[in-house]
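Below is one structure; the comments refer to it alone.
Every number in this text was worked out from the coordinates using simple rules, so none of it is lab data. If you're wondering where the values come from, they're calculated on a predicted model, not measured in any experiment. Because the Cβ atoms are built from the backbone with ideal geometry, glycine has one as well, and the counts that use them run over all protein chains shown.
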Amino acid sequence: MIYLTLELLAKISPQVTIRKLNKKKGSKNPFKYLLFNLHLVLLNPDIIHFHCYTGHKIVFPFFKYKKIYTIHSTNLPIYKVEKYHKLLSISKAVQQDTYERFHLNSDIIYNGIHTQLIKPKVRK
């Protein structure tokens, strides 16, 4: 689950349109999906960028929008990649893992987190 804070949203270019489903976990109500697809029709985007491999499921299949999926970690399941026009990885390690396990090529766009500042937790 990705939480967007007001501070983070303020940093995103005004050229980027963000639409959230605001769906309750476990809800099967189709109204949120219909509303999301209505937004797509009105927006007519160049691309749709997903951070979950199942993201393509919420876009009606007859829409021909370009879809991009960003892979954020190693050892994640990846299915239906043929539904995406491009795969992105956030690091060389993620790119390597994706290729070794699935023989899928992806481009790297680094996550922007200064990983050298992250220290492993010392367990007592």
### Summary
Relative to the chain, whose Cα atoms define the longest principal axis, helix 31-43 and its Cα axis are tilted in degrees, nearest 10, by 90
### With at most 13 neighbouring Cβ atoms within 10 Å, loop chymotrypsin sites (Phe, Trp or Tyr not before Pro) (DSSP) excluded, longest segment of the chain
4-61
### Task
At most 12 other Cβ atoms within 10 Å and a DSSP loop assignment: could you name the trypsin sites (Lys or Arg not before Pro) in the stretch 32-108 that fit?
64, 80
### Task
Find the relative contact order for the chain and round it to a whole percent, using C-alpha pairs within less than 8 Å whose residues are 6+ positions apart.
15
### Task
Please give the length that would be gained between residue 33 and residue 5 if that part of the chain were fully extended, namely 0.36 nm times their separation in residues minus their C-alpha to C-alpha distance (nm, one decimal).
7.8 nm
### Query
Once the Cβ-Cβ distance between residue 19 and residue 54 is put in as r, and R0 is 25 Å, what FRET efficiency do you end up with, to the nearest 0.05?
0.90
